[in-house]
Structures are given as structure tokens and as C-alpha cells.
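Input: a single structure, listed below in C-alpha cells.
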Amino acid sequence: MTQFTEEEKTIRRIERRFSKGVVQYGLIEEGDKILIGLSGGKDSLALVELLGRRARIYKPRFSVVAVHVVMKNIPYQSDTEYLKAHCEAYGVPFVQYETAFDPATDTRKSPCFLCSWNRRKALFTVAKEHGCNKIALGHHMDDILETLLMNITYQGAFSTMPPRLVMKKFDMTIIRPMCLVHEADLVELAALRHYQKQVKNCPYESQSSRSDMKGILRQLEAMNPEARYSLWGSMTNVQEELLPDKID
């Protein structure tokens, strides 16, 4: 019987969950050209590796290109030469795109929201320039469940970031190929691959409610080790007859 090392087990587990998510939600199709949003964090570095390797498989045939958006007015810094070398190692072309935003244009929104919105806008711009029909983002299962909890808590809405989102207005599809991959496995992969961290992190990063939701998700898993799977299953098991009717 074949014996696998701990490193091999981690990589096989990630690849199995990655492949399951891609197939189950129909994320990659013949002839796709996919733009990878490469922030420089562990999740986007892993996405480049996973999609770069999968693009070498004959079917379905698709191509990828990665873009790193530099927000010039936010004081953080990434090693772009490292990001470029990482992409090249997996046969993924690398693009750097610079942009900025003025936080004074909407003081009601946090810098995190404005930065994220403008980054997303830049991704659509680059995707169109390179003839891409899909944009791949590095969100994993934990991100999606944390967003679900945030939306329930703060927005009063049962919603999250779906694995596949068709943006008809922009003629573009957003995909999240790591939707079934656990963040803990990506932390292990980052250590195994010696992923380099950003040179200087965003000063607003710790101000987000997401870090609180990470703690809540961990608490739920401490109560029930299967909590993440129950939460995930609940999104496709909405029993409307057992919920209150909407009141106009």
C-alpha cells in the first residue's frame, strides 16, 4: 500500500477539493481564458499554482493570465518580481496594473470597501484588455462561510460569495475555484512552498469585521467539528415553509 508523506497528503487533499469545486460548480469550460486576481497573499499564490497546473491538462482546454493590481495611494507593498517569478514557474503570464482612488469621494464607505471596489473595477478592465471571459478569485471555503455569517449578522441577508457568478452587465463570469478548499490547508501549503509574504501589509487590514467572523467560525467548529459542512449545506437547503413570510 502506498504511503504518503504529510506534505503529499496536504497537496493531494487541496487538489482533490479544488478539482471537486471546479467540476461540481462547472467553473472551467472549453476555450475559457481566465484572469487570476493575484493580490500577493497565500490564497492567490495557491490559485496561480493550482490553475497553472490544471491548464496543462488536455481537457477542458483553457488558458490563464494573472494580474497584480497596485493601489498607489494605499501604503502597502508587494514584491512584484517574486510574484512574476511565481507565475512563470507555473507557466502563467504576469501583468501589473496600477490604479488609485480618492477616499474623499465617499466618506460613508470604509477605505477597505473603496479599495476593494476599485480593485474589482481594475480586474474587469484588465480582463477585457486581455480577452478573458472569466475572472478567478482566491476565496476559499472559510472566506465564503465567513461572508455568509457577516451578511446574516450585519446585512440581515442570507447570502455569500457564490462559486460562480455571471456578471451580465460586464459580460464576465466570476469564479472561485478554491471554494471547497479549507484555509488551514492553504496555510500548510504556504509553509511547504515557502510563499513570501507581502513586504508591507495594508494598514486597514485588521480593521475589518472578517477577523471577528474567523473567530466565530472557529468557535462553531469547536462546538461541532462538522459545522462548516452544515453551514455550507444550509445554503442549498433553504426550507421556506419553516421561515416567516416577508412583510411588505
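The values are calculated or read from the model by the stated rules, or taken from the named source; none is laboratory data. The structure presented is a predicted model; accordingly, all values stated were derived computationally and were not measured. Here the Cβ is made from the backbone with ideal geometry for all residues, glycine too, and neighbour counts use every protein chain on show. When the accessible area is computed, the model is the full protein with side chains, heavy atoms only, and any ligands, DNA or RNA have been set aside. Shrake-Rupley method; radii C 1.70, N 1.55, O 1.52, S 1.80 Å.
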Mean shadow area (nm²) of the C-alpha convex hull around the stretch 1-130 is 10.5 nm²
For the stretch 108-248, projected area of the alpha-carbon convex hull averaged over all directions, nm² | 12.1 nm²
Just flag the GluC sites (Glu not before Pro) in the stretch 1-38 sitting in loop per DSSP whose Cβ has no more than 14 other Cβ atoms within 10 Å.
-> 29, 30
Antiparallel DSSP beta bridges within the chain, as percent of all bridges there, nearest 5 = 25 percent
What 222 nm value per residue comes from the helices of the chain, counting each DSSP H run with n ≥ 4 as -39,500 (n - 2.57) and dividing by all residues, nearest 500 deg cm²/dmol?
-> -13500 deg cm²/dmol
Over the chain: Kirkwood hydrodynamic radius from C-alpha pairwise inverse distances, Å | 19.5 Å
Loop-resident sites, the stretch 38-81, for trypsin sites (Lys or Arg not before Pro), counting at most 14 other Cβ within 10 Å (DSSP) = 56, 61, 72
Enter the accessible area of residue 158 (Å², nearest 10), with the probe set to 1.4 Å and all protein chains included.
-> 110 Å²
Say the cut-off is 29 Å between C-alpha atoms; which of 59/214; 42/72; 9/128; 33/169; 128/214 go over it?
-> 59/214; 9/128; 128/214
